Amino acid sequence: MMNLNNRVGIATGGGLLLLGAALLSAAANASQSMIITVTKGFGVSLYATDVGDAKQMAVGDEGTLFVGSHKSGTIHALVDSNSDGRVDKRYLIAKGLDYPEALAFHKGDLYVALEDRVVVYQDIEPRLRRPPRAREVYDQLPGNGRKSARAMRFGPDGRLYIAISAPCNVCEPSAPFGSIIAVDVNSGSSQQIALGIRNVIGFDWSPLDSRLWFADMSRDWMGDNLPPDEINRVDVAGAHYGFPYVHGKDVQEPAYEEPKSLNITKPVYELPAHVSPMGMLFYRGSQFPAEYHNQILLAENGSWNRSSKVGYQIVVLETDGRKVSNRRTLVSFLDGEFPVARPHSLAMAPDGAVYISDDLKGNIYRLYYKDTGAEDAESESDYAPKPEQENE
């Protein structure tokens, strides 16, 4: 197990990112500084700022990073044209949208989930300066003001998987709320993949057997340590994962009695209560050491109604494809009781680094593995992106 002994100080006001606690004094003239703890051998750089309350991300075939927001109603495209790990240009793809936080990229096209439908921006990467008009491809998302979190990814079968979370803390949601569906974007037909979910943002398919895994946030207001958040795996399409009747493996919901005929699939792994798992991916790159290959990276957005804070970190879930044997911290954004970021989603960069969206400050961070033969972290420095060019 690696030791968490690198301290990263980011001076956001001055645009300077300093690796190593010994260099923090150099940031004295910045308007704000913050401490990030990183596992030895890794580094974190500030990839982009001011992208709204940065939520979900999608990476295009040419390496463009698309970022959706919730409150600001915008979609940004970030470009690293010289592949130096820093964004060079940014483009505003759309604004004034209804909650465009869920994005997916497939065969040159950018798909966006809005309140009650999914739209697509076709052939988007060559047209970032003058984005095409969006075309509706699916109109069966539940709207009518009953907003719930959404997440999207294309699966190995070519269908668009959409997680439609429950619009409540605890309730018996009506379909398709509280489910993951798979949509054929050509025909519009859909299939229920998982039922009985509460709040799912992160899901991915195991590179070992193509099984779908997802992270689910359990309900609030049952105390500091209950109920546990969940990691689940889909072995049978249409299985029920317990919400609202059972949380975690065996925490019974006092407000609703479990139907006797209901067959509930228990989670593969229980996370601590209130860590709020969101972004999730299996690491498929080659930049990180071999021990990270095919392992789960998970963004824990952090607690908000707990007496002491937990989460606010990126963790590694060690798995053999069937079970999770260990959970360890890779990056921590919690400085004591002070969160300096709330990691929301994760995306693979073309070079094997990992993008992290921060919906607290509207930043995008880049997590990368450093050459172990390089200088010690306390003598290194890295600079945040220069001002980025908007649409011309």
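Details
- Taking the empirical scaling 2.2 N^0.38 Å for compact globular proteins as reference, the range 114-236 has a Cα radius of gyration ratio of 1.17.
- Share of carbon and sulfur in the accessible heavy-atom surface of the range 96-146 [1.4 Å probe, %]: 35 percent
- Residues R284, R366, R153, R159 ordered from highest to lowest accessible area at a 1.4 Å probe: R284, R153, R159, R366.
- Charged side chains reduced to their Cβ positions (Lys and Arg at +1, Asp and Glu at -1) give the range 204-264 a dipole of some 200 debye around its Cα centre.
- 3J(HN,Hα) along the range 317-322: 9, 7, 9, 9, x, 10 Hz, from the Karplus curve 6.51 cos²θ - 1.76 cosθ + 1.60 with θ = phi - 60°, whole Hz, x for Gly and Pro.
- When the pairs K266/K361; K40/K89; K147/K361; K40/K107; K71/K107 are compared against a 25 Å limit on Cα-Cα distance, K266/K361; K40/K89; K40/K107; K71/K107 fall above it.
- With every protein chain in place, the range 163-288: carbon and sulfur % of accessible area (1.4 Å): 46 percent
- Cross-link reach list, aspartates and glutamates versus K249, counting only Cα pairs under 15 Å and skipping chain neighbours closer than eight places: D216, D229, E230, E258, E270
- Integer Hz, Karplus 6.51/-1.76/1.60 couplings in order for the range 171-177, x for Gly and Pro: 6, 9, x, 8, 4, x, 4
- Distance from the range 109-148 to the range 70-99 (C-alpha centre basis), Å: 15 Å
- Cα gyration tensor shape of the range 164-218, rounded if a/c is under 1.5, else prolate or oblate by comparing a/b with b/c: oblate
- Among R322, R342, R90, the order of accessible area from largest down is R322, R342, R90, computed with a 1.4 Å probe on protein heavy atoms.
- Nonlocal amide H pairs with G242, under 5 Å, H built at 1.01 Å: T265
- Residue ranking by accessible heavy-atom surface, 1.4 Å probe, largest first, among V59, V67 comes out as V59, V67.
- The range 182-284: C-alpha gyration tensor shape, a/c 1.5 cut-off, then a/b vs b/c: oblate
- The translational diffusion coefficient of the range 199-246, from Stokes-Einstein at 10 °C and 1.306 mPa s with a Kirkwood hydrodynamic radius over alpha carbon pairs, comes to 132 µm²/s.
- Tensor-based shape of the range 265-326 (alpha-carbon gyration tensor, a/c under 1.5 rounded, otherwise prolate or oblate): oblate
- Close amide H partners of H344, meaning residues 5 or more places away or on another chain with modelled amide H under 5 Å apart, are S357, D358, D359.
- Taken over the C-alpha atoms, the range 130-181 has Rg and Dmax values of 13.2, 44 angstrom.
- Cβ-derived FRET efficiency at R0 25 Å, I264 paired with Q191, nearest 0.05: 0.80
- Å² per residue, accessible surface of the range 197-244 at 1.4 Å: 30 Å²
- Sequence-distant residues sharing a close amide H with F154 (under 5 Å, placed H): F105, Y161
- Backbone HN-Hα couplings from phi across the range 184-195 [Karplus 6.51/-1.76/1.60, Hz, Gly and Pro as x]: 7, 6, 7, 9, x, 6, 9, 9, 7, 9, 9, 10
- Neighbour net charge for D224 - beta-carbon separation under 12 angstrom, K R +1, D E -1: +1
The values are calculated or read from the model by the stated rules, or taken from the named source; none is laboratory data. The shown structure was predicted, so the numbers you read here are calculated from the model rather than taken from an experiment. Heads up, the Cβs are rebuilt from the backbone with ideal geometry, glycines too, and the neighbour counts pull from every protein chain shown. Remember, those area values only see protein heavy atoms, side chains included, never the ligands or the DNA or RNA. Shrake-Rupley method; radii C 1.70, N 1.55, O 1.52, S 1.80 Å.
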